[in-house]
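K.L.:
Quick one: structure below, then a few questions.
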Amino acid sequence: KISGTVTNGTGGNLPKGLTIQLEAYDHDMVSGGFNKVSTIETSLNANGTYLFEDVEIIEGRAFLAVIEKDGVIYNSQPNFVTEGSTELELPITYYETSTDSSELSIDRLHIFFEPPNTEAELAQVVEVFVVSNPSLYAIVAEEEKAVIEFVLPEGATNIQFEDSVFGERYTETTDGFGDTMSILPGMGGHEIVVFFELPFEKSFMAGNKLNFMQKISIPIDSAIVMAPQGLKVASDILQESGERETQGLIFNTYSSQALPIGTTLEMSVSGNVSANAVATEENSQKNILYGIIALGIVLIGAGFWYYLRGRDENEYDDDEDDDEDADAGYDDADKLMDAIIALDDAYRAGDLIETVYKKRRAELKRKLQELL
């Protein structure tokens with residue numbers, strides 16, 4: 001039996017005629033992800049409950065309950081079949097909709113620089129917007145409009161997206177783009193990854209130089225800039241925040257305080273990528289882009305796909321030290337990212353010595369990698 005209760009997170013009554021779809025996913029040993037193997041559906045009862053009976057279950061299979069209403073998708077958290085399981089519960093929170101986007105904010109803006117191509121006067125840039133909706137409504141688009149619009153840096157060209165194109169999910173504006181996807185309540189739960197190119201200048205003294213200017217049209221809690229080691233970032237708004245390593249790549253990181261509407265995020269990026277930034281010279285440009293994407297996924301947080309890709313709360317190594325017990329509550333990527341961010345803040349504030357900080361951060365990062 002797989003059952004659940006649907007509650008109205010906005011506080012009103014549930015609409016009549018809701019249908020629950022039950023999706024089943026099996027782990028793919030080759031890709032490491034999960035493949036959908038079946039979908040069945042049933043109607044929601046008048047008391048807000050639903051029930052699926054005689055469902056085939058296999059140990060390790062993941063189930064997800066989904067409601068689609070007026071183009072908005074509401075889903076439960078995945079639940080995994082464990083040894084001896086005969087019943088699962090998948091509660092869902094439904095939200096009423098609103099077109100008022102005034103409360104939306106950007107929890108984090110991640111900016112990644114890929115080294116300029118020596119044959120073209122263009123630099124590759126990746127931006128990741130992590131959007132928060134503190135309201136109790138699912139924010140949807142007005143007719144023929146976007147839910148939220150973003151301004152890109154001056155001079156951005158060849159704009160592309162990770163998951164869609166202009167004319168489908170995204171709309172093109174004079175200074176950036178709009179996103180038409182509905183945004184459910186929650187902090188940092190809505191993510192957009194956009195790729196574009198910016199022109200750079202060749203300088204005998206500084207090598208390649210890029211002047212970056214981006215107007216802030218939506219409040220941003222923090223901007224985090226990452227550039228491969230060797231590229232120098234100069235800005236009155238940004239402060240150095242150490243190095244990060246992934247996929248054999250080393251990035252210098254910079255962060256800002258809150259950026260209110262009307263601020264302009266300005267920086268200059270100059271120099272050339274250090275030979276120490278990449279593990280090997282072969283395919284270095286491609287490796288850096290892969291590293292940006294891989295590290296970006298870790299920094300962004302986790303949607304339900306990250307749960308499906310590898311959450312296993314029960315496999316802990318008994319031989320680890322007492323830090324293992326302290327981490328037992330960090331059973332999903334969101335909690336782990338919050339812990340890492342808090343740890344970074346404490347270290348920058350001088351509340352932790354370097355050896356303790358590095359040891360603790362390495363352990364949290366290891367756990368996060370296991371989940372992802």
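The values are calculated or read from the model by the stated rules, or taken from the named source; none is laboratory data. Nothing here was measured: the structure is a model prediction, and the numbers come from that model. Virtual Cβ from ideal backbone geometry, glycine too; neighbours counted across all protein chains shown. Surface areas here come from the heavy atoms of the whole protein model, side chains and all, with no ligands, DNA or RNA. Shrake-Rupley method; radii C 1.70, N 1.55, O 1.52, S 1.80 Å.
K.L.:
Within the stretch 76-98, can one find any residue that is closer than 30 Å to Glu142 by Cβ, of a type in the set (A, V, I, L, M) and either in contact (Cβ under 8 Å) with a residue 60 or more places away in the chain or outside any strand (DSSP E or B) (or both)?
P.N.:
yes
K.L.:
Of the conditions (1) among the polar types (S, T, N, Q); (2) surrounded by 14 or more Cβ atoms within 10 Å (Cβ to Cβ); (3) closer than 30 Å to Gln214 by Cα, Thr99 satisfies every one except a single condition; which number is it?
P.N.:
So the condition that Thr99 fails would be (2).
K.L.:
Please indicate, with yes or no, whether at least one residue in the stretch 6-22 is open to solvent by less than 60 Å² (accessible area, probe 1.4 Å) and farther than 22 Å from Glu96 by Cα.
P.N.:
Restricting attention to the stretch 6-22, the residues satisfying the condition of being open to solvent by less than 60 Å² (accessible area, probe 1.4 Å) are 6, 8-10, 12, 14-15, 18-20, 22.
Still in the running and farther than 22 Å from Glu96 by Cα: none.
Checked against the condition, which is being open to solvent by less than 60 Å² (accessible area, probe 1.4 Å) and farther than 22 Å from Glu96 by Cα, the stretch 6-22 yields no hits at all.
For every residue, the table says whether it meets (1) surrounded by fewer than 18 Cβ atoms within 10 Å (Cβ to Cβ); (2) in contact with a Phe, Trp or Tyr (Cβ under 8 Å, 6 or more places away or on another chain); (3) at pLDDT 90 or above.
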site	(1), (2), (3)
Gly188	no, no, no
Ile237	yes, no, yes
Gly242	yes, no, no
Ile292	no, yes, no
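K.L.:
Something else about it: Within the stretch 132-146, take every residue that is open to solvent by 10 Å² or more (accessible area, probe 1.4 Å) and among the hydroxyl-bearing types (Ser, Thr, Tyr) and give me the one that is farthest from Asn8 (Cα to Cα). Quick ask: steps written out before the conclusion?
P.N.:
Filtering the stretch 132-146 for residues open to solvent by 10 Å² or more (accessible area, probe 1.4 Å) gives 134-137, 140-146.
Those left that are additionally among the hydroxyl-bearing types (Ser, Thr, Tyr): 135, 137.
On the way: Ser135: 13, Tyr137: 10 Å.
Looking at the filtered set, the residue picked out is Ser135.
K.L.:
Separate question: Of the residues in the stretch 16-38, how many are farther than 24 Å from Tyr95 by Cα and of a type in the set (Val, Ile, Thr)?
P.N.:
Final tally of qualifying residues: 2.
K.L.:
Which of the residues that make up the stretch 47-68 are crowded, with 17+ Cβ neighbours inside 10 Å, under 28 Å from the mean Cα position of the chain (by Cα) and without any contact (Cβ under 8 Å) to a residue 60 or more places away in the chain?
P.N.:
Passing the criteria: Arg61, Val66.
K.L.:
With the structure loaded, tell me whether Glu41 is within 27 Å of Tyr95 (Cβ to Cβ), surrounded by 15 or more Cβ atoms within 10 Å (Cβ to Cβ) and charged (D, E, K, R) or whether it fails that test.
P.N.:
Considered against the rule, which asks whether it is within 27 Å of Tyr95 (Cβ to Cβ), surrounded by 15 or more Cβ atoms within 10 Å (Cβ to Cβ) and charged (D, E, K, R), Glu41 comes out as no.
The rows are residues; the columns are (1) open to solvent by 30 Å² or more (accessible area, probe 1.4 Å); (2) without any contact (Cβ under 8 Å) to a residue 12 or more places away in the chain.
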position	(1), (2)
Leu122	yes, no
Val126	no, no
Val130	no, no
Ile148	no, no
Ser164	no, yes
Phe177	no, no
Met181	yes, no
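Per-residue answers, yes or no, for (1) aliphatic (A, V, I, L, M); (2) at pLDDT 95 or above:
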residue: Leu109; (1), (2): yes, no
residue: Glu121; (1), (2): no, no
residue: Val125; (1), (2): yes, no
residue: Phe129; (1), (2): no, no
residue: Val140; (1), (2): yes, yes
residue: Lys145; (1), (2): no, no
residue: Pro185; (1), (2): no, no
